[in-house]
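Comments concern the structure below.
Read-outs throughout are calculated quantities, based only on the coordinates presented, and are distinct from any laboratory measurement. Owing to the predicted nature of the structure, the values given are computational and were not obtained by experimental measurement. With ideal geometry, Cβ positions are generated from the backbone for all residues, glycine too; neighbour counts draw on all protein chains shown.
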Amino acid sequence: MSLAPPVFQYLLPHPALREYVRLFQLVGCQFLAGMALPVKAYWPRPEQCLSFFPRDPERIAYGLDGSLLASPQVRLYGQHVVATTRHVGRDFMVFQVVFQPGALHRLTGLPADALTNTFVDAEAVFSSEIGQVSERLRNTEQPLEMVAVVEHFLAGLVGRAAPARPLDRVGALLLH
């Protein structure tokens, strides 16, 4: 088996989406059979994200209890105030949408605390449409094509989004 080179890309969204999306992160690594898979510690950070796993999904442990939770192929998660550890598969790839402060609420109506220290299957929030996006990402190799697929989905959400609140602007100022 020939391994693809690792992918680590941070991309800005289309200008029309920047009010809602801070950036896209694309990370991919393949690991040889028999090689110990890495575990990555994540410290608490002020992010709400939509994560697509077009290849092997990851598993997550919260705090120090060590029990692993399986991640869905597409997950939505909120701000974490506890450390987590992420366990990847042999063929790992994540396409992550990092939202602007308050944007996830504007796009979904979910209160920010509904996703604190947890994640949900994105299909429970966005219906089966998100599964179609995920399938297209599984069949796409080029990062810029992946961006186009996700931006098309997000543009539809933005068309139905609630207006920004003063608190959203405060969050953006604090972040910067």
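Descriptive notes on the structure:
- The stretch 108-141: number of residues that are farther than 22 Å from PRO163 by Cα, of a type in the set (A, V, I, L, M) and in a helix (DSSP H, G or I): 4
- The listed residues are GLN96, GLN73, GLN132, GLN142, and the only one of them that is surrounded by 15 or more Cβ atoms within 10 Å (Cβ to Cβ) and either more than 19 Å from TRP43 (Cα to Cα) or among the charged types (D, E, K, R) (or both) turns out to be GLN73.
- Hits in the stretch 67-107 - residues which are touching a residue at least 60 places away in the same chain (Cβ under 8 Å) and assigned to a loop (DSSP other than H, G, I, E, B): GLN73, ARG90, GLN100, PRO101, GLY102
- Considering the stretch 25-57, and only residues there that are part of a strand (DSSP E or B) and touching a helix residue (DSSP H, G or I) at 6+ places or on another chain (Cβ under 6 Å), the residue that is surrounded by the most Cβ atoms within 10 Å (Cβ to Cβ) turns out to be PHE52.
- Restricting the first member to the stretch 142-161 and to residues that are without any contact (Cβ under 8 Å) to a residue 60 or more places away in the chain, and the second to residues that are of a type in the set (Lys, Arg) and in a helix (DSSP H, G or I), the beta-carbon pairs closer than 8 Å and six or more apart or on different chains are VAL149/ARG136.
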